[in-house]
Each structure stands twice: as structure tokens, then as C-alpha cells.
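Structure, as C-alpha cells:
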Amino acid sequence: MKKYKLIEENNGKKTMDKLNFFVYVHELIAKYDDISKEKINALKTEIIVIESFQEASSDNSLNEYLRYKYLTIREAVFCLVGLNPNIVKVIKDDSLVYQALKETKEFEHLMRAEEDEFISNSKGTVSSKGFIKWMIENEYVYTAEESIENVDPKAKDKETGIPMHRYKIYTQTLPEYLKQLKQLNPISTNGLSTTDAGKIGEYTIINQVTLNRSPGTIRADLGKLYKSAWWKNQPEEIRSKWEIKHK
């Protein structure tokens, strides 16, 4: 199962620093304005609650919420700024916390997204599928596959028949390898693995020890992988870098 992690791992801490600075500013304003001490004290209490939720791993909660069909806009904003979205359930709607988060670049960026793409301002909701795609494209999160070490050595991918250990290595390393290729023409399966003349491709040289298989086996695996739903669902920028034909 895919998991997602924030690219900026310290984003939650930075958001907490912003909230604490927000409190400081409002305490200064309160000396000259009618902002009630009661409201500021409520904000301080909510920040303490947020900090306690952060200790419960915001990454796990991020993935928990991204499995839902849709999120509220507030939940989406909490995900973007690195805060545990479960906090939304316990923070009041008129809280100063929301006012502070509306001043973040993440909130501004989300609100400028095309409404018909994945966000409905009228309903106050965000489609999770579109939101994930948008976050990846805008470099808020990256896909973190499950650890290869925990894979059953006897398990196989149902579609391709490739042993799951090797399948996970391919799906983790192949997109990154293809993405960095600078050549104009797509690489062939032979170019990734081995030609009939025995020339071994760079991809195989890099990953052969981990895969623990011959270049011929790797070429056969890649042929199966090329026909799989996983490959067909890769972004066009990745799929355009590899073609099955041998050259």
C-alpha cells in the first residue's frame, strides 16, 4: 500500500513556531485593541492541544485521512502545513488558529487551485484523489513505499508473477531512474537490462546486487512489468522514457 510523506519534514514544527509567533503578535495588539485576553488564552490552550496531537505522528494521520474519498478544506490545510488533521475535530470553527493558518503560503496555494480540478469551495471539500496528485506535482509530498525488508520472500505480485521482493525494488527504483534520463529517445528494455550481445544496461548494473538476479531474468521481469497496470498508471513523463521494443 502506498504511503505519503511530507517532503519538508519539519513543516509541522515551522507551523507551530508560526502559531506561537501569532500568539505573541496578538498579545501585543491586545495592549492597544479590544482583542480579549480570553480569546488569546483559548488560542494558547489550543496550541498545547495541537502539540500533544503532533506527538501521535502526523504522518500516520496524513495517510489515514488521504484514504478517505474527500477531506474538508480545513483538514487539507492541516495536512499541507504538517499538522495532525485529527486536530480539526477538537478546534472550534471560530478559532484564531484557523485565522493564523489562512495566512500561510500553503493555504494561499490551495485556494488558488482550479476549483473544477479537485476542490469545491461551495461544499468546503477536497477530493482526496485530486489532492494527492496536486500535492505530488507541487512537491508537498512524495510516495514512500512499504519497506522491502518486511516482504514475505515467497509472496508474488498477482498480476505479473514477479516475486514481491523484486517487484517492490523495480517499482521503487525504475521511475526514479527513468526520470533522470536526459536522452531524447526512450530507452528500450534491452537498454535497461541486457542486449542479446551481452551488453549490460546501467539500470541493471546499479540494481543487480539488490535484485540478486541475472540480467536475463531482470529483462524478463521488465517485460512483464511493462504490461502491468502499475506501469500504465505511471505519469506520462515517466512512461515516455521507456519502450518495450528492443534496439
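Summary table below
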{"item": "Selected residue [at pLDDT below 85 and closer than 30 Å to ASP157 by Cα] from LYS69, LYS39, LYS5", "result": "LYS5"}
{"item": "Pairs, first basic (Lys, Arg) in region 163-190, second assigned to a loop (DSSP other than H, G, I, E, B), C-beta under 8 Å, six or more apart", "result": "ARG166/ARG213; LYS168/GLU145; LYS168/GLU146; LYS168/VAL151; LYS179/LYS241"}
{"item": "Matching residues, region 167-201, being of a type in the set (D, E, K, R) and over 13 Å from TRP242 (Cβ atoms)", "result": "LYS168, LYS182, ASP196, LYS199"}
{"item": "Set LYS123, LYS92: member being within 16 Å of ILE50 (Cβ to Cβ) and part of a loop (DSSP other than H, G, I, E, B)", "result": "LYS92"}
{"item": "Unique residue being within 25 Å of the chain's Cα centre (by Cα) and more than 25 Å from LYS3 (Cβ to Cβ) when the list is LEU181, LEU225", "result": "LEU181"}
{"item": "Filter result for GLY161 (modelled with pLDDT of 85 or more and touching a Ser or Thr at 6+ places or on another chain (Cβ under 8 Å))", "result": "no"}
{"item": "Residue in region 203-213 that is within 25 Å of ASP152 (Cβ to Cβ) and under 22 Å from the mean Cα position of the chain (by Cα) present", "result": "no"}
{"item": "Top-ranked residue of region 95-113 - restricted to ones that are charged (D, E, K, R) and touching a helix residue (DSSP H, G or I) at 6+ places or on another chain (Cβ under 9 Å), ranked as farthest from SER36 (Cα to Cα)", "result": "GLU106"}
{"item": "Counted residues, region 80-99 - those being more than 20 Å from ASN121 (Cβ to Cβ) and in contact with a Lys or Arg (Cβ under 8 Å, 6 or more places away or on another chain)", "result": "2"}
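The values are calculated or read from the model by the stated rules, or taken from the named source; none is laboratory data. These numbers were taken from a predicted model, which means no experiment stands behind them. All Cβ positions, even for glycine, are placed from backbone atoms using ideal geometry, and neighbour counts span all protein chains on display.
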